[in-house]
Amino acid sequence: MRALDPRLVRRARPVRLLLGVDAALGLATAILVLVQATLLASIVARAFDGAALGELVGDLVALALVFAARGILGWGFEVAGARAASSVLSELRLELVARRLRGQPLALDGIEAAEIATAGVQGVDGLEAYFGRYLPQLVLACLVPLAVLGWVGAIDLTSALVMMLTLPLVPVFMWLIGRYTEERTLARWQALRLLSGHFLDVVRGLPTLQAFNRSRAQAGVLADVGERYRRATMGTLRVGFLSGSVLELAATLGVALVAVTVGVRLAGGSLAFQAGLTVLILAPELYLPLRQLAAQFHSSADGLAVAERMLELLEAPPAVRPGGRLVPPSPREAPVRLEAVSFAYPSRPGLVFDGLELELLPGETVALVGPSGAGKSTVAGLLLRFVEPSSGRVTAGGVDLADCRAELWRRQIAWVPQRPTVFRGTVAENIRLGDERASDRAVRDAAVLAGADRFVRSLPAGYETVVGDGGRPLSAGERRRIALARAFVREAPLVILDEPTADLDRTSADVVAEAVERLCAGRTVLLIAHRPELVARADRVVTLAGETAVREEAA
Amino acid sequence: MTAATRRLALLAGVPRPRIALAALLGALTVLFGVGLMATAGFLISRAAEQPSVLSLAVAIVGVRFFGLARPIARYLERLASHDVALRSVGTARARVYERLERLSPAQLQGRRRGDLLANVVADVDSLQNLHLRGLLPPVVALVAGAGAVGVVAAILPQAALVLAAGLLIGGGVVPYAAAALARRSAAMQAPARGALSAGLVESLAGGAELAAYGRLEQTLETIGAVDRRLVRVARRAALADGAGEGLRLLVAGATVAGVLALAVSAHAAGGLDRVLIALLALVSVAAFEAVQPLPEALRELRAAVAAGERLLELTDREPTVADPADPLPLPQGRFPLALEDVRLRYAPGERPALDGVSLRLEPGRRVALVGRSGSGKTSAANLLLRFVDPEKGRVTLGGRDLREYRLEDVRRAIALAGQDSHLFATTIRENVRLGRPDATDGEIEDALRRARLLDWVRGLPDGWSTLVGEEGRELSGGQRQRLVVARALLANAPVLVLDEPTAHLDAATAERLIDDVFDAVGDRAVLLITHRPEGLERVDDVVALAGEAGSAPRD
C-alpha cells in the first residue's frame, strides 16, 4: 500500500489543505512532546533536590495543561481528517456521478449502482480513519523522532548516538520481514475470503441441500474446513507477527540501553540528573509514533481502498463522446440509419456485431429479433447515443448523430427499456418523466392508452400514490405500463421498445401488446421482441444473428 | 456483560483457559512496559546519588529483563488472542449452521433471502472481533491497571488512589462519553446519508432513462443539493469525533500531575525516599497504556454484539416442520401424491399463498400446474417436499398425511428441480452427485446424458471437473437448468417436481429443454409447475391455479 495516492493529492483540494493542517499540528505536537518531557524531568529533579510542593505547583499545572494541549491537537487531527474525508468523498462522488450519467448512462446495473453509492457514501467512515488517524500518524512518525533526536542530541550527544543506533534497525527489519511475510499474508487473506465464500455458498444452498437430505453432512465439512484454516493461519501468523515484535524489541531495547548508559554515566558523575531523566522520558516517544503507525496500517487500508476504487471508476473512459453542435433532423421526415456499424464492449473480447446496416423509414414499424446476446439492446443504445459505434455511423437524414446535440436528438425519442426504472415519487410524476409540462389530463390520457389507468386508479391514492424505492411495490407488468405511459405522453416521432412483453404472464402481456399497437400508430418504431404476435404487427422483421448475419423479411 | 453478550460468548465458544492465557499475556505486556519505566526511573534516580556501580546491578538487570520480556510477551499475546479469534469464528460458523440446518427451507427463503443469508455470513465473520477486540481489552486493562495501581500502592498508598481514579475515569467514563458523542454524530448523519445513497442508486441505475428523457442536469443538481446537505451535517458532526482521545490525555495529565504532587509532599514530609519520585511519575504515565484501546474496544464490542443479536434472532427460530414421534415407513413401490383442499399461509395474518387447492398425482402420470406469477405455484412444491405444512387440508403420500413420515423419507421420495435450486461453486460432477452421493461415475454420466448435457460436458477442456463458478455463473441459463434437472434425475426418486424449469429462458431453448426432460423421466410421476405454454402438450393433466393470492416467497 502506498502511503498516499498522488492522484488523490492532485485531484482533491481538501487533501492538500489537510496536509498543510496536519503538518502544522504535527509540528506543534512534536514541540509539546519535548516540552512535556522537559517539564516532567524538571519537576522530578527539583523535587529530588528537596523542592517543596508550593514551589512546584505552577509547573505541575503547566504539565497537566501540556497533556491537555496534546489532547486538543489530537482532537484537531481527527476533526481535520473527518472534514477532509467528507469533502474529498463528496468531490469524488459528484464528479463520478456526473461523468457516469453523461458519459455512459447505460453501463450500470443495480448492483454496480449500489456499490458506487455504498463506497461513495458509507466509504467516508474508512476514509475518516485514514485521514483522521493514519495520515496524522504518518506526519508524527516523520516529525517526532527527528525532534526527539535533535533535542536529546542537544542535551546529551552520547544518548542521541545510542538512539540512532537502534532507530535504523526498525525500518530495515520491518522491510526484511515484511517482504518475507507479504506472500504468506496474501495467501491468508485469500484463504479467509475462500472460507467466507464457502460458508456463503453452503448457506445459500441450504434449501437445496435439505431437499436432497444432504444438509446435516455439511456441518462436519464446515467444521473441518474451519479447523484446517485456523491451523494454516496460525502458521503464517507466527512469522507475520515477527515484524511487529522486531519493532517492539527495538523500542524496549532502545529504552533499556538508554537507561543503562545514562545510569552508568550518572553514577560516574558525568551527567546531570535532570538531563538524564529528560533523555529517559523521551526515549519511548522516539518509537511510539512508528509503533502506532504500524497499528493503524491495516484499519486505514480500507479507507484508501475506497478512494482508489473511486479514482479507478473516474478514470474509466466514457462510452460516448460529447456530441457536436448540430441540430439533428426529425425522424418524422428523415430516415434513421445504422451504416456499417460495428460494436464491441470495451470489457469483453470480440465484436457484438460487425458491419450492421439498418434503416428506419418515417412511420414504419421494424421488429428486431434474434437470440439473446445478439446485440438487440445494443442497437437501442446506439440509436439513443448511449454508446458509440466502434466503426461506422448512425445517421438521421444523412447527418451523423455524433455531430448533433445529444439532448436535442433524444428529445425526439420515446424509449421503453426492457426493465423500466420507477423513480421514487408519485405515479403522475413518473409518467411526467416523458414530458415535464404535461397536464393532469394528458397524464391520465397517456395512462389510458398504456393500459395503466385502471390499475393506477385502484391504488390507494390513485395517481398520487408514491411508488419506487420505499413506496408501493409494482409488478413487472405495472412497471412496463407506466413506462409505456411515459412514451405516450412524450409524443415523440421515434419510439424504441425493448422486449415490452418479456417476463409477463399472459394477461399482462396482452394488455401491454395492445398498448404497444396503439403507440406504434403514426410513429417510427423499432420493436425489439421475440413474441410472435408482437412481431406479426411489424412492417418489417430484421433478424440479428450474431456478428454479421442479418436477415430481413417482410412481415 | 449483558445477557446477549453472554449468549454470544457461548455461540462463539472458546475454551476458557485459552481466553485466560490471552488475557494474562496481554496484561503482562502492559505490566512489563510499566516495569521497564519503573526500573529505569529508579535506576537513574539511584544512579544520581552516585553509589557504587555494583549497587545498581539489580536495577540494571531489571531494566534489561523488562526490555526483553515485553516484546516476547507481546508476540505470544498476539498469537494467543488471534488463536482465540479464529477458534471463535470457527465455532460460531459451525453452530450457526447447525441451528439453520434444523429450520425448514421456507423459513430461510423469505422475501429477502439473498440479504438474509449474505448477512449471516458477514455477521459470523464479525464475531471474530468479539473476543479479540471486544472482550479481551477490558479484561487486560483491568488486570494490568490493577497491577500498576498495586505497584504504586506499595510505595505510596494515597498516590495509588489517584492513579486508580484516573484509570477508572480514563478507561470507564471516557470510552462511554466518546461512544455517546459518536452515536450522536452518526444519528445526525444517518438521514442525510440515507437520502444521498437512495438518490445515487436510483439515478445511477435509472441513468439511461434520465438521459433518454433529458433529465440528467436536473438530477445532478438535485443530487448536488442533497450532497451539500450531507457535507454540512458531517462537518458539524466531525467536531464530536476524536473527542475521546483528547479526553483521555486530559485525564492522564491530571492524574500524573496529581500523583507527582502527592509524591512531592510525601517526600517533603519525610514519608518517601526521593529515588522513588521518578518511578511513581513514570509508572503513572505508562499505566495509561492499559486503557488506551478501550474506546475502540467498546465500539468493536457493540458492533460484534449487534451482529450477534441478528444471528441469535435467526438461530432462535423454532423449526416449523419436524419429524413425527412415531414415523411411518415409506410405502413399498409406487404411490400417489395429493394436495387435498389445502390452505397455506407463510405468516399469520398474511394473505394465504394457496387456498382450497387440490391436486392428485398418480404413479407414472404427468401433471402440469399452471397459473399466473404470484398465484402460489412454488408454494405447491414447498408443500409437497414438506418445506412447509398447510394451515388447513392435508398433503398425502400413499393416502397417508405427509406429516406421518420422516422428513428425510419424504425428500427421498420426491426430487425437486426448482428455479431456485442452488448450484454450488464446485465442479459439474459434484453438483450432480449431490442428488445421490453414493452414485457411481457411470450413473452420473447417465444423468448428464439424459439431461442432454453430456456432449457439451465432454467438449469442455476439463470435462465434468469444470468449475461452475459462484451460483453457476460460468454457465448459461439453459445449462444451469439442465444441470439442476440432471441432479434431480440422479436422485432416482419416484416423483419429480419441476418448478419453473424454463424461467428466464427464451422460447426455443425452453421448448428443447422441456422436450428433453420429458424424454428423460421415464416412468416417474412428474409435476411440472409453469406459467408458460411450453410442455403443456406433453402432460396428462393440466391443473390451473386461479386467483392472485400472491404471497409465495419469491426472490
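It is to be established whether one or more residues within the range A:343-364 are within 14 Å of chain B (Cβ to nearest Cβ), over 23 Å from A:Ala414 (Cα atoms), of a type in the set (Gly, Ala, Ser) and out of contact with any Asp or Glu (no Cβ under 9 Å at 6 or more places or on another chain).
The answer is no, given that none of the residues of the range A:343-364 is within 14 Å of chain B (Cβ to nearest Cβ), over 23 Å from A:Ala414 (Cα atoms), of a type in the set (Gly, Ala, Ser) and out of contact with any Asp or Glu (no Cβ under 9 Å at 6 or more places or on another chain).
Could you please let me know if A:Pro318 is assigned to a loop (DSSP other than H, G, I, E, B) and surrounded by 21 or more Cβ atoms within 10 Å (Cβ to Cβ)?
Numbers: assigned to a loop (DSSP other than H, G, I, E, B): yes; surrounded by 21 or more Cβ atoms within 10 Å (Cβ to Cβ): no.
Criteria not met by A:Pro318.
Condition first: closer than 23 Å to B:Arg343 by Cβ, in contact with a Pro (Cβ under 8 Å, 6 or more places away or on another chain) and surrounded by fewer than 21 Cβ atoms within 10 Å (Cβ to Cβ). Now tell me which residues in the range B:401-419 satisfy that.
B:Arg403, B:Glu404, listed by residue number.
Is it the case, given these coordinates, that A:Val148 is under 27 Å from A:Ala84 (Cβ atoms) and either modelled with pLDDT of 80 or more or small (Gly, Ala, Ser) (or both)?
Taking the combined requirement at face value, the residue does not satisfy it.
Go through the range A:40-58 and give me each residue that's assigned to a helix (DSSP H, G or I) and surrounded by fewer than 20 Cβ atoms within 10 Å (Cβ to Cβ). Even if it seems obvious, please write down each step before you answer.
Going residue by residue through the range A:40-58, those that are assigned to a helix (DSSP H, G or I) are A:40-48, A:53-58.
Scanning the range A:40-58 gives A:Ser42, A:Arg46, A:Leu53, A:Gly54, A:Glu55, A:Val57, A:Gly58.
Just to verify a result, which residue in the range A:484-499, among those that are in a loop (DSSP other than H, G, I, E, B) and either of a type in the set (Asp, Glu) or under 33 Å from the mean Cα position of the chain (by Cα) (or both), is nearest to A:Val427 (Cα to Cα)?
A:Glu491
When B:Asp506 is evaluated against the numbered criteria (1) farther than 17 Å from B:Gln419 by Cβ; (2) free of Cβ contacts under 8 Å to residues at least 12 places away in the same chain, which criterion, by number, is the only one it fails?
Unmet for B:Asp506, out of (1) farther than 17 Å from B:Gln419 by Cβ; (2) free of Cβ contacts under 8 Å to residues at least 12 places away in the same chain: (1).
Of everything in the range A:201-242, what is facing chain B (nearest Cβ under 8 Å), under 16 Å from B:Arg93 (Cβ atoms) and basic (Lys, Arg)? Give them in sequence order.
A:Arg204, A:Arg216, A:Arg230
If you go through the range B:408-417, how many residues are more than 8 Å from chain A (Cβ to nearest Cβ) and not acidic (Asp, Glu)?
The total comes to 4.
Mind checking which residues of the range A:358-383 are closer than 19 Å to B:Ser476 by Cα and touching a residue at least 12 places away in the same chain (Cβ under 8 Å)?
If we filter the range A:358-383 for residues that are closer than 19 Å to B:Ser476 by Cα, which is where we start, we get A:370-377.
Matches in the range A:358-383: A:Gly370, A:Pro371, A:Gly373, A:Ala374, A:Gly375, A:Lys376, A:Ser377.
Quick one: which residue in A:Ala52, A:Ala64, A:Ala117, A:Ala68 is closer than 30 Å to B:Tyr213 by Cβ and free of Cβ contacts under 8 Å to residues at least 12 places away in the same chain?
A:Ala117
For the range B:253-273, does any single residue satisfy the condition of being within 9 Å of chain A (Cβ to nearest Cβ) and part of a loop (DSSP other than H, G, I, E, B)?
no
Hey, can you tell me all the residues within the range A:243-296 that are more than 10 Å from every other protein chain (Cβ to nearest Cβ), in a helix (DSSP H, G or I) and more than 19 Å from A:Thr166 (Cα to Cα)?
A:Ala275, A:Gln296
Of all the residues that make up the range B:48-58, how many are crowded, with 19+ Cβ neighbours inside 10 Å and either closer than 16 Å to A:Ala47 by Cα or out of contact with any Gly (no Cβ under 7 Å at 6 or more places or on another chain) (or both)?
Qualifying residue count, the range B:48-58: 1.
With A:Gly50, A:Gly76 as the choices, which residue is on the phi > 0 side of the Ramachandran plot and more than 7 Å from every other protein chain (Cβ to nearest Cβ)?
Answer to the check: A:Gly50.
Could you pull out every one of the strands (runs of 3 or more DSSP E) wholly within the range B:388-506 that has 1 or more residues that are under 34 Å from the mean Cα position of the chain (by Cα) and of a type in the set (D, E, K, R)?
Details: elements: B:392-397, B:414-417, B:495-499.
Of the strands (runs of 3 or more DSSP E) lying wholly inside the range B:388-506, those with at least 1 residues that are under 34 Å from the mean Cα position of the chain (by Cα) and of a type in the set (D, E, K, R) span B:495-499.
For every residue, the table says whether it meets (1) within 12 Å of chain B (Cβ to nearest Cβ); (2) outside any loop (DSSP other than H, G, I, E, B).
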residue: A:Glu436; (1), (2): yes, no
residue: A:Val448; (1), (2): no, yes
residue: A:Val456; (1), (2): no, yes
residue: A:Leu459; (1), (2): no, no
residue: A:Tyr463; (1), (2): no, yes
residue: A:Asp469; (1), (2): yes, no
residue: A:Ile482; (1), (2): yes, yes
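Considering only the range A:359-381, I want to know if a residue exists there that is under 30 Å from B:Pro71 (Cα atoms), at pLDDT below 80, surrounded by fewer than 21 Cβ atoms within 10 Å (Cβ to Cβ) and not acidic (Asp, Glu).
So the first thing to find is which residues in the range A:359-381 are under 30 Å from B:Pro71 (Cα atoms), and the list is none.
No, the conditions are met nowhere in the range A:359-381.
Among (1) closer than 16 Å to A:Val394 by Cβ; (2) over 34 Å from the mean Cα position of the chain (by Cα), there is one condition A:Gly323 misses while meeting the rest; what is its number?
Looking at each condition in turn, A:Gly323 falls short on (2).
Has the range B:241-249 got at least one residue that is within 30 Å of B:Val173 (Cβ to Cβ) and part of a loop (DSSP other than H, G, I, E, B)?
Within the range B:241-249, one or more residues are within 30 Å of B:Val173 (Cβ to Cβ) and part of a loop (DSSP other than H, G, I, E, B).
Take the residues in the range A:373-410 that are more than 32 Å from the chain's Cα centre (by Cα) and charged (D, E, K, R); name whichever of them is farthest from A:Leu361 (Cα to Cα).
The residue in question is A:Asp403.
Got at least one residue in the range B:422-435 being more than 13 Å from chain A (Cβ to nearest Cβ), modelled with pLDDT under 90 and either within 20 Å of A:Leu200 (Cα to Cα) or surrounded by 23 or more Cβ atoms within 10 Å (Cβ to Cβ) (or both)?
Checked against the condition, which is being more than 13 Å from chain A (Cβ to nearest Cβ), modelled with pLDDT under 90 and either within 20 Å of A:Leu200 (Cα to Cα) or surrounded by 23 or more Cβ atoms within 10 Å (Cβ to Cβ) (or both), the range B:422-435 yields no hits at all.
With B:Val34, B:Val14 as the choices, which residue is assigned to a loop (DSSP other than H, G, I, E, B) and either surrounded by 13 or more Cβ atoms within 10 Å (Cβ to Cβ) or under 32 Å from the mean Cα position of the chain (by Cα) (or both)?
It is B:Val14.
Condition (residue is surrounded by 20 or more Cβ atoms within 10 Å (Cβ to Cβ) and more than 10 Å from chain B (Cβ to nearest Cβ)) applied to the range A:414-423: is it met by at least one residue?
No: the range A:414-423 contains no residue that is surrounded by 20 or more Cβ atoms within 10 Å (Cβ to Cβ) and more than 10 Å from chain B (Cβ to nearest Cβ).
The values are calculated or read from the model by the stated rules, or taken from the named source; none is laboratory data. Being a predicted model, the structure only gives us computed values, none of them experimental. Reconstructed Cβ throughout: ideal geometry from the backbone, glycine too, with neighbour counts over all protein chains shown.
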